[in-house]
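All remarks here apply to the structure that follows.
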Amino acid sequence: MSTRPVPEGKFAEIGDGLRVHYHEAGEGPVVVFLHGSGPGASGWSNFRHNYPAFAAKGFRVLVPDTLGYGYSSKPDGVDYTLDFLVGAVERFLAALGVENCAVVGNSHGGAMAIRLARRRPDLVTKLVLMAPGGLEERETYMKMEGIRTMMKVFLAPEGITREGMRRVFGLQLFDPSILTEAILDERCAIAPLQPKRVLTSMHVPLLVPDLAELRCPVFALWGVNDKFCPMSGGITIANQCKGARVMLLNGCGHWVMVEHPALFNRASIDFLREAA
């Protein structure tokens with residue numbers, strides 16, 4: 001086991017000299033976890049309190065780092081658009097021989113999950129979404145306290161500092177005391193590796209039209225105290241996705257899976273086990 005704050009797992013070559021780093025556990029139907037954005041993000045950091053529970057309940061879990069994050073490749077001459085990143089996830093799953101899977105996505109990873117399911121209904125069997133992006137116009141997101149703070153910290157002339165990270169991730173949580181030094185260690189270990197283009201060229205289109213085209217069951221969870229993605233997105237999912245179910249949690253910010261891991265794990269596993 002690595003002694004680094006974020007342990008190293010496995011790597012998959014996806015072509016064009018790019019490779020995706022990922023963690024894997026368990027056997028059974030495949031569940032893919034797609035993490036959110038922000039400085040220092042990685043799949044393991046987002047989901048380390050979740051994916052082992054899914055593996056223990058009979059799923060094969062894959063937790064990749066999106067290109068530009070974690071230990072995956074970080075090309076500096078590309079735009080980190082949603083379609084570029086989703087295409088990399090498709091290539092990653094193809095490299096591992098995955099023919100169908102459920103997808104769990106948080107924030108930017110939720111937006112990726114929606115676009116992947118829209119593009120590949122043959123591949124994605126179910127979606128679990130936690131406060132996914134792409135459900136409001138960009139101007140709405142840029143008014144959110146958490147987004148504004150994150151961009152200031154990432155683009156600060158002095159670079160990303162531990163205290164800057166503390167400000168950003170304290171806003172992710174309804175109860176900032178949940179923000180441990182271990183979480184900051186994980187983020188601070190990855191953030192210096194990221195080119196600024198990862199966030200400055202990131203573009204998430206409005207995905208509301210995609211929702212009505214989804215053919216798989218959808219379960220969404222949203223904290224009503226979210227300072228990054230307004231909870232109105234949960235109502236949009238309920239209105240636009242046929243048969244969707246949405247859980248709103250009081251006393252919860254942007255990280256449902258971190259703030260309420262037992263509830264998130266139990267409810268999501270039950271949803272994935274149901275017959276479609």
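Here are a few things to note about the model shown:
- Greater than 28 Å apart at Cα, pairs in K10/K74; K143/K196; K143/K242; K10/K227; K10/K196: K143/K242; K10/K227
- Spacing of the two label points (7 Å from each Cα toward its C-beta) at E13 and A189, in nm: 2.7
- Accessible area of D76 in the full protein assembly, 1.4 Å probe (Å², nearest 10): 100
- Which of T66, T140 is most accessible, then next, and so on - probe 1.4 Å: T140, T66
- Relative contact order %, the chain, counting alpha carbon pairs below 8 Å whose residues are six or more apart: 21
- Ordered from longest to shortest, the equivalent ellipsoid semi-axes for region 58-215 are 27, 18, 17 Å, each the square root of 5 times a Cα gyration tensor eigenvalue.
- Neighbourhood net charge (13 Å Cβ-Cβ; Lys/Arg +1, Asp/Glu -1) for V153: +4
- Cβ-defined net charge surrounding L67, 14 Å radius [Lys, Arg +1; Asp, Glu -1]: -3
- Theoretical gain in end-to-end length, A94 to A156 [0.36 nm per residue, Cα-Cα removed]: 18.5 nm
- With a Förster radius of 22 Å applied to the beta-carbon distance between T180 and R4, the computed FRET efficiency rounds to 0.85.
- Working from label points 7 Å from Cα in the Cα-to-Cβ sense, the S232 to E163 distance is 3.6 nm.
- Between the C-alpha center of region 205-276 and that of region 45-96 there is a gap of 19 Å.
- Stretching R197 away from E24 to a fully extended chain increases their span by 59.5 nm, per 0.36 nm per residue minus the current alpha-carbon distance.
- Per-residue extension of 0.36 nm, minus the Cα-Cα distance of A212 and N239, leaves a gain of 8.8 nm for this segment.
The values are calculated or read from the model by the stated rules, or taken from the named source; none is laboratory data. This one's a predicted model, so the numbers in the text were calculated from it and none came from an experiment. All Cβ positions, even for glycine, are placed from backbone atoms using ideal geometry, and neighbour counts span all protein chains on display. For accessibility, only protein heavy atoms count, side chains too; no ligands or nucleic acids. Shrake-Rupley method; radii C 1.70, N 1.55, O 1.52, S 1.80 Å.
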